[in-house]
Amino acid sequence: MSLLIIDEVSKNYANRVKALERISFHVTEGQCVGIVGESGSGKSTLAQLILGLEQYKNGKILLNGEQIPPKKRSQVRQYRKSVQMIFQDSTSTLNPKLPIWKSLIEPLDNFKEITPSYLSGDLSRKEIAMLLLEMVGLEKQMADRYPSELSGGQKQRVSIARAISIEPSLLICDEPTASLDVTVQVQILELLKELQRKTNMSILFISHDIRAVTFLCDKMIVLKGGSIVDEFSLEELYSKKRDSYTKALIKAAAID
Ligand SMILES: Nc1ncnc2c1ncn2[C@@H]1O[C@H](COP(=O)(O)OP(=O)(O)OP(=O)(O)O)[C@@H](O)[C@H]1O
Ligand SMILES: [Mg+2]
């Protein structure tokens, strides 16, 4: 079943920039879809529309059959629970004045009605945060540290833990590894892959790096100048049918 449906969506900014032009695609439950394209192709705009941070006039976005952004207040809460986001720079996600366990527990505090499947027994809020740290491969002793005392890769793991804590059905990642060095990039991608397998959440993974996208995603969408120029499953990566722009991206990434 389709979790997310993007149907003929266009976005023009007030400055008349046409950021997206009649974009359509689906994300099914448990699927990992990569959005790849050069700078300015509209990738982040797409994420902003799905998150309801930017408005669109033309087309439709549906999550679990409900229009996004939701019209009824009762649906807004459900929508906020269902979609979580990871940004390139997790510094903005973590409050610099709080030990990380307090930032980690915030989503669960906001959605007290959620009982995540990974919890069993009676744990304190701090113990839950420690469990989340372990789920993303960090030591639980890190709970008391402040964001400034973590490396970029560790901070990104914390923001992943925070995002998955409420078990969203869709996780949107916008260039989550772009500011990390190559070995840490691979570790973060492996972590996302493992979490995706365990939780069966869907992931929309945005990147200019086709190599990262092919590592993680089952389906790929190539954006150029606000339009989809190619869409294919991983097995079709090297097919002759690929758009010339996709072929150029594959060649530039030296994965041909
Ligand atoms: N708030 C805004 N107001 C006006 N124009 C914008 C705004 N945000 C983005 N744009 C423009 O819309 C187009 C798409 O931008 P977007 O940020 O979606 O690209 P991107 O693919 O995420 O690029 P990058 O890889 O550099 O992050 C660009 O031409 C950009 O200048
Ligand atoms: Mg962007």
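The values are calculated or read from the model by the stated rules, or taken from the named source; none is laboratory data. Not measured: the values here are computed from a predicted model. So basically every Cβ, Gly included, is an ideal-geometry build from the backbone, and we count neighbours across all protein chains shown.
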Requested in this report: Out of the residues in the range 129-153 that are without any contact (Cβ under 8 Å) to a residue 24 or more places away in the chain and in a helix (DSSP H, G or I), state the one that is nearest to Q187 (Cα to Cα).
Outcome: E134
**Report entry** Residues (more than 22 Å from G40 (Cβ to Cβ) and at pLDDT 95 or above) located in the range 198-213
**Finding:** M201, S202, I203
Query raised in the report: Pairs under 7 Å by beta carbon, first residue at pLDDT below 90 in the range 66-92, partner within 16 Å of ligand 2 (Cβ to nearest atom) and of a type in the set (A, V, I, L, M), six or more apart or different chains?
Result: Q88/A178
Query - Whichever residue in the range 198-235 is without any contact (Cβ under 8 Å) to a residue 24 or more places away in the chain and exposed (fewer than 15 other Cβ atoms within 10 Å of the Cβ) and, among such residues, is nearest to A19 (Cα to Cα) - result: S233
**Report entry** Count of residues meeting criterion [more than 16 Å from ligand 1 (Cβ to nearest atom) and either in contact with a strand residue (DSSP E or B) (Cβ under 9 Å, 6 or more places away or on another chain) or of a type in the set (V, I, T) (or both)] in the range 168-188
**Finding:** 9
Report summary line: Restricted to the range 1-43 and to residues being polar (S, T, N, Q) and closer than 25 Å to R77 by Cβ, the residue nearest to ligand 2 (Cβ to nearest atom) is Q31
Report task. Please work out if E175 is touching a residue at least 40 places away in the same chain (Cβ under 8 Å), within 16 Å of ligand 2 (Cβ to nearest atom), of a type in the set (D, E, K, R) and more than 16 Å from L98 (Cα to Cα). Result -> yes
Query raised in the report: Of the residues that make up the range 45-53, is at least one surrounded by fewer than 15 Cβ atoms within 10 Å (Cβ to Cβ), at pLDDT below 95 and under 19 Å from the mean Cα position of the chain (by Cα)?
Result: yes
Query raised in the report: Of the residues in the range 29-55, how many are within 10 Å of ligand 1 (Cβ to nearest atom), part of a strand (DSSP E or B) and hydrophobic (A, V, I, L, M, F, W, C)?
Result: 2
Report task. Can you give me the ranges of the strands (runs of 3 or more DSSP E) entirely in the range 189-255 with at least 2 residues that are charged (D, E, K, R)? Result -> 219-224, 227-233
Query raised in the report: Among the residues of the range 14-52, which ones are in contact with a helix residue (DSSP H, G or I) (Cβ under 8 Å, 6 or more places away or on another chain) and over 26 Å from E190 (Cβ atoms)?
Result: A19, L20, I23, G52
